Structure formats: structure tokens, C-alpha cells
Amino acid sequence: MTLAKTIDGKAFAARLRGRVAELAASFEEQAGRKAGLAVVLVGEDPASQVYVRSKGRKTVECGMASFEHKLPEDASQETLNALVDTLNADPAVDGILVQLPLPDHLDEQAVVDRIDPNKDVDGLTPASTGRLALGLPGLVPCTPLGCLMMLKEQLGDLSGRDAVVIGRSILVGKPMAQLLLKESCTVTIAHSRTKDLPEVVRRADIVVAAVGRPKMVKGDWIKPGAIVIDVGINRLAPADGAEKGKLVGDVDFDEASHIAGAITPVPGGVGPMTIAVLLRNTIVAAHRNEGLVLDADAI
Ligand code: GUN
């Protein structure tokens, strides 16, 4: 059996950041200031701290300004709201990202709803979500947009393809389905209550797995030649014996890579794309906020 092509998300993300850096330089020349991204982190979650540090570093590497705001674990809703209001009003800030999940006592949706839709680089406000559902241009959540870019690079035109998205989260599953629909795919959204999931997945030319369950999607669920995009990032538990501590996706890579046409690895697939798309969204927002023309679809 031939082995599937492994889609190199790290290299793709590096190319995308290169394009963003060029646009950031021309933005600075035209606007007389750098494009700016503000990231808000509440609490000490180790994974979130790693992501936020990495976002800040890559923002600066691309020639944009990074503003990091850290609030203590017990920060109040009022404090967080006031910070979002300040960032909304700050002309040096083009994009605002509040790192999720927030501590339990905070109302996540209320915070997201407060972000100025023109600065919503995460694409999570009701305004951005509504525009995506209506098929209007706007800021789109980073992970699904990164998945779409990789799919288009593999397949070119996606129209008429059967796509199955496993997972219905606000951050990935739902916006992914909207994006694929916009590309004229026939889209199925599968989730924990879906009957006979293996059979549903077997119909798909495109599989996007975003459920957060290690190696749930097995090789014999995959239609030969299908493109498999694995959004899962799961760290195996001590009970997994020899593989404990290993990062794996939602797809059993070793099995699926003998059947798929192309597949994203974990790590090094979708993960690196998310930050690159965040930077892409920031430079798009910056141009819009300054009234400068930019063909966002061409990036
Ligand atoms: N936490 C994990 N992924 C994301 C993301 O894409 N955006 C935000 N705001 N938080 C996250």
C-alpha cells in the first residue's frame, strides 16, 4: 500500500508568515505605524501561556506590534470588560484576542461579544459569525481558515466534494462547515450523537477531525485517497504505556496514512497554521481599520 502524502503545516505556515511580513512592511509605510495585535491572558494555564508567548514572538517577527496583557486567575468580569473596552478604543491595536478557555467564574461569551468586530481577529463575535453564515466577507476563525487553505492547496477547487467535519465546536467545527459550504462542498457535521460515524466518514473526500479524542478516527473509516485534516492535539496519558506523554491527533495517523491521499501530522500539521492565520487576520484588519485596500482572498 502506498503511503499518503504528509501535509507539511510547518512549512505552509512559514510561507504564510512570510507573505504577512511583506504586507506588514507595506502597511507600516502607508499607515506610518505598525499593525498591532493585543493578546489577553487570564490566569496561569500552562498550555495557554505557551501559546500566548509564541503568538507574541511571531507577531514581532512579522514586523507587527505585540501587546500582551496578563490578568490574575481571580480577575473580575468588570476588570476584563474594562481592558477589552480600552483595547477597542486604542488606535494602535488592530486585533484583539482573548485566550480561551477563561477561568470558570468569567462569562466567556460576554467578553467575546464586547470585542469590536473590526478587531475580531479570532472571528468569534456574533457579528463575524453572522457574516460567515451569510457568506459575507469578514474575519474568520483562525484554525478552520488554516485548514481550508491547506485543503485548497491540495485539491484546488473544492466544489462538489463530500466533506465530513467531526465536531461542532464554535472555535472549529461550525465555522469549518460554513467555510466548506461556501466552497460548494456537500457538508456533513458529525458529532457525539451521530449514528454509525465510521460509515459517515467513509463517504468523505475531505475529513476534518476536531473532537479532542486521541486516535478516534481509524484507518478503515477513511475512503481511499481522501484528504484528512487532523485538528486534534491530545497528550496521551500514563495509561497509554510506552506512548505516554506523546502528542497525537484525533486520527490514528499510522493507520490512516496507508489509505488517505494526504494527511496532516500531529504535531506539525494544523497547529502551526493557527498562529500564522491569526497574523494574517491581523494584517487584514489593520488595512481595513486604516481604509487601505487589500485583497484578503489573495493572501
Ligand atoms: N484557545 C485555543 N485556541 C484558541 C483560539 O483559536 N482562539 C482563542 N481566543 N483561544 C484559543
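The values are calculated or read from the model by the stated rules, or taken from the named source; none is laboratory data. All of these numbers come straight from a predicted model, not from anything done at the bench. Positions of Cβ are generated from backbone atoms using ideal geometry, with glycine treated the same way; all protein chains shown enter the neighbour counts. SASA here: full protein model, heavy atoms, side chains in, ligands and nucleic acids out. Shrake-Rupley method; radii C 1.70, N 1.55, O 1.52, S 1.80 Å.
Here are some notes:
- Cα pair distances exceeding 17 angstrom across the stretch 103-216, given as percent: 58 percent
- Kirkwood hydrodynamic radius over Cα pairs of the stretch 56-114, then Stokes diffusion coefficient at 20 °C and 1.002 mPa s, in µm²/s: 170 µm²/s
- In order through the stretch 252-267: 3J(HN,Hα) via Karplus (6.51 cos²θ - 1.76 cosθ + 1.60), integer Hz, x for Gly, Pro: 6, 4, 4, 6, 5, 5, 8, 10, 5, x, 8, 8, 8, x, 10, x
- Antiparallel beta bridges, as assigned by DSSP with both residues in the stretch 114-259, represent about 10 percent of the total such bridges.
- For the stretch 1-44, the fraction of C-alpha pairs farther apart than 11 angstrom is 76 percent.
- When the Cα positions of A31, V284, T274 are compared along the charge dipole of the chain, T274 comes out farthest toward the positive end, with charges on each C-beta of Lys, Arg, Asp and Glu.
- Of the DSSP H helices in the chain, those whose Cα atoms cover at least 30 Å axially and whose Kyte score averages -0.5 or more: 9-31
- Among A285, A237, A21: highest mean-square fluctuation, GNM of the chain, C-alpha pairs under 10 Å: A237
- Expressed as a fraction of 2.2 N^0.38 Å, the value expected for a compact globular protein of N residues, the C-alpha radius of gyration of the stretch 34-187 is 1.11.
- Its DSSP H runs of at least 4 residues, each contributing -39,500 (n - 2.57), put the calculated 222 nm mean residue ellipticity of the chain at -12500 deg cm²/dmol, to the nearest 500.
- For the stretch 211-299, fraction of C-alpha pairs farther apart than 19 Å, in %: 53 percent
- Over all directions, the projected convex hull of the C-alpha atoms in the chain averages 15.8 nm² in area.
- Long-range amide H partners of I166 with built H, under 5 Å: A190, V208, A209, A210
- The stretch 247-299 versus the stretch 124-192: alpha-carbon centroid distance in Å: 12 Å
- Where both bridge residues fall in the chain, DSSP classifies roughly 5% of the beta bridges as antiparallel.
- Length gained on full extension, L247 to Q77: 57.8 nm, using 0.36 nm per residue less the C-alpha separation.
- For the chain: accessible area per residue (Å², 1.4 Å): 46 Å²
- Listed residue pairs exceeding 23 Å between alpha carbons, taken from K70/K244; K174/K195; K34/K119; K5/K215: K70/K244
- Taking amide H as placed 1.01 Å from N in the peptide plane, the amide H of K5 sits under 5 Å from that of A262, I263, each at least 5 places away or on another chain.
- Amide H contacts of F67 (H built 1.01 Å from N, under 5 Å, at least 5 apart or other chain): L37, A38, V39
- About its Cα centre, the dipole of the chain is roughly 720 debye, where the only charges are +1 on Lys and Arg Cβ and -1 on Asp and Glu Cβ.
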